[in-house]
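Here's the structure we're looking at; comments come further down.
The values are calculated or read from the model by the stated rules, or taken from the named source; none is laboratory data. What you see is a predicted model; the values in this text were computed from it and never measured. Methodologically, a virtual Cβ is constructed for each residue, glycine included, from the backbone with ideal geometry; neighbour enumeration extends over all protein chains shown.
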Amino acid sequence: MKKTCRYFFRLIKDNFISLAAFEFIFKASVFILFVPLIAKLMNIATNNAGIMFITTKNVARLMKNPLMIVMTAAMILVFICVSYYEVCCIWMCYRKYTRGIKMTVTDMFADGMIHLRKTSRRYGIKIYLQMAAIFPLLCFHMTVILFDRLDILSSCIKFIFKGVPVRYIGAVSAVAVIFLFSFSTQKFGRSISERKEGIKHFFRRTLHLVVTNLLTGLVLFLIYLTIVVIAALVIRFLGKKNSALVYLIRTENVMYYVLAFLAGAFGYITNIALLFMFQSKQRVTEKVLAKQPKGLRRKIVTVLIAIVFMADAGTAAGFFMNGSHVLEEMFISTSVTAHRGGAKFVPENTMYGVQYAIESGSDYIEIDVQLSADGEVFLLHDTNLKRTTGANKLAYNLTYDELSKLDAGSYFGSSFSDAYIPTLDEVLTECKSKINLNIEIKSVRRGTELVSKVLELIDKHEMREQCVITSTEYPYLKQVKEMCPELRTGYISNMLYGDPTSLKYADFFSVKFAVVNENFVRSAHNAGKEVHVWTVNTKPLINRMKGMDVDSIITDNPVLARKILSRKNDRKSLAEILQTFLYR
């Protein structure tokens, strides 16, 4: 047992840098390639199923669709093939190590492809069937984390195993997968003594698998807990108390997906090391490790890896700088929109509101725009300036120079006396790569000109992925779609009537909370439309909207909304527990 443990840890320790670099490049590439692909396939499947919009309530209907079944099976086959290539790369790293050769990331990619071709020719479909047997174990920890986080995935499991609690499904699956893995890698002899020896090895391997995966799970949990606690301490001593919970929730959310990534990497590295030990008679050499010679083929592979890595980095930077509706649709169930920037805490439609929306961790900031007498797009909700500035004048009759000199904050509190009416241009500059914008185009004079100028400013800042346009005037939305079809639009209404499917120029509805109900949400989702609800400011209302699967909660209190949405079954999240402990 001691020799086995020593051998296992040495295999991983001496190759850890190459293994970690390989896993990072490989899994990042797979993620960036497959997430948009899966999103497109899901759109095809939902259209075919006639629902167009996936929620936790209609996922059962989607799962029964024949096209969805075929596509799911095809994706599983693709993942098994990709996963087998990953296994081959790691396997060759361990094999060459036992022969005294130090593998680089380039060597792993090149030798992995050679090994895949050889084994595919030699064993044919059998090797992929064996891969299908061990695939669930390799991805077990990652799958558990993602299923716990993504409601759609957990809903699929609940549909497949009706009436069985998810925790029992996980426990039984873990045992079944480990036994299947161990059994598929064990050879049982023909004689009785050989079979007894085979059974003994089988249970020994099973024990190794159980212990290794329990330890892997423990290590992942400790990594997660350590980083979240360190982040909490940093926020406690360097951050602001009012925004502490938001940053803790954001850190916790990010760590879930980082943890899923690490779980996938650890699952492959540790379990393939065990598989290699089970099936290989070679042992670690005591010779000084030599580097593998570089031929033309390996130099070509190096260049290809560099190109892939740069493409991954560029795509990731694009997601970070401009956002991605694909990622939002897959990983965010209900978003939080700061109404006019968080009108409960700061003056509305000011730079104070912009800063608060960003600091509160909101997904969107909702702002209202109008057009000044000299053609400048500025932020203001009312047509008359009296409520927010004290000036009893119509905003569209003033130039922006006149508007900018007005006090837009003292009505809220004397500490905001320096607040002014900002332009959309400076708001877009401040928000780029920080927060998405819900830009409401007010029903005012020169509306057509206002729409054109708003679109020009969005294009100037290259922020189409970060912005949505809303209005109570449906012709404005039609104009937006004609000028910029890919920009998302929302129709604002304080009542529900008519057929939502008839509004083809609106991608979502922005509806008053008092009139929204489950039937409307269901019919809108079935028509492929999102539902954003305003203005949701209390805990009961937020919980009600959460239960109806609305797509965005527009609120004056984004911190409260984020806190409630982060909870599972109304239990306090780790972020809330840490905040209570640190600020008591």
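What to note about this one:
- Pair list, Cβ < 8 Å and 6+ apart or interchain, from region 422-435 residues that are touching a residue at least 12 places away in the same chain (Cβ under 8 Å) to residues that are acidic (D, E): T423/E376; I435/D363
- Considering (1) outside any helix (DSSP H, G or I); (2) over 20 Å from L424 (Cβ atoms); (3) within 26 Å of the chain's Cα centre (by Cα), the lone condition that T489 does not fulfil carries the number (2).
- Cβ pairs under 7 Å, 6+ apart, first in region 80-97 and within 11 Å of A132 (Cα to Cα), second crowded, with 23+ Cβ neighbours inside 10 Å: S83/L138
- Output for region 1-16, where each listed residue is loosely packed, with under 11 Cβ neighbours inside 10 Å and within 33 Å of the chain's Cα centre (by Cα): K13
- Selection of region 522-547 for residues being aliphatic (A, V, I, L, M) and more than 21 Å from the chain's Cα centre (by Cα) yields A524, A527, V533, V536, L541, I542, M545.
- Test: residue in region 559-582 that is in contact with an Asp or Glu (Cβ under 8 Å, 6 or more places away or on another chain) and at pLDDT 90 or above: no
- Taken as a whole, region 128-139 holds at least one residue that is surrounded by fewer than 19 Cβ atoms within 10 Å (Cβ to Cβ), over 26 Å from L215 (Cα atoms) and modelled with pLDDT under 90.
- Residue in region 309-327 that is of a type outside the set (D, E), modelled with pLDDT of 90 or more, in contact with a helix residue (DSSP H, G or I) (Cβ under 6 Å, 6 or more places away or on another chain) and surrounded by 13 or more Cβ atoms within 10 Å (Cβ to Cβ) present: no
- Taken over region 364-407, the criterion of being in a loop (DSSP other than H, G, I, E, B), polar (S, T, N, Q) and touching a helix residue (DSSP H, G or I) at 6+ places or on another chain (Cβ under 7 Å) is satisfied by S372, T383, N392.
- Residue match in region 341-348 (condition: within 20 Å of the chain's Cα centre (by Cα) and either assigned to a loop (DSSP other than H, G, I, E, B) or not small (G, A, S) (or both)): no
- Within region 363-373, the set of residues being of a type in the set (D, E, K, R) and either modelled with pLDDT of 95 or more or closer than 21 Å to S414 by Cα (or both) comprises E366, D368.
- Test: residue in region 179-195 that is surrounded by 13 or more Cβ atoms within 10 Å (Cβ to Cβ), among the acidic types (D, E) and either outside the structural domain of L259 (by TED's automatic domain parsing) or at pLDDT 55 or above (or both): no
- Test for E440: is it surrounded by fewer than 19 Cβ atoms within 10 Å (Cβ to Cβ) and in the same structural domain as V346 (by TED's automatic domain parsing): no
- Filter result for N384 (in contact (Cβ under 8 Å) with a residue 12 or more places away in the chain and not small (G, A, S)): no
- Residue list for region 412-431, restricted to those being surrounded by fewer than 16 Cβ atoms within 10 Å (Cβ to Cβ) and assigned to a loop (DSSP other than H, G, I, E, B): G413, S417, D418
Table: residues versus (1) assigned by TED's automatic domain parsing to the domain that holds N253; (2) more than 20 Å from R445 (Cβ to Cβ); (3) in contact with a strand residue (DSSP E or B) (Cβ under 8 Å, 6 or more places away or on another chain).
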| residue | (1), (2), (3) |
| --- | --- |
| D368 | no, no, yes |
| L379 | no, no, yes |
| L394 | no, no, yes |
| D401 | no, no, no |
| D407 | no, yes, no |
| I421 | no, no, yes |
| V427 | no, yes, yes |
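- For region 489-528, filtered to residues that are touching a helix residue (DSSP H, G or I) at 6+ places or on another chain (Cβ under 7 Å) and modelled with pLDDT of 85 or more, the residue that is surrounded by the fewest Cβ atoms within 10 Å (Cβ to Cβ) is Y505.
- Meets criteria (hydroxyl-bearing (S, T, Y) and either touching a Gly at 6+ places or on another chain (Cβ under 8 Å) or within 22 Å of S510 (Cα to Cα) (or both)) for T472: yes
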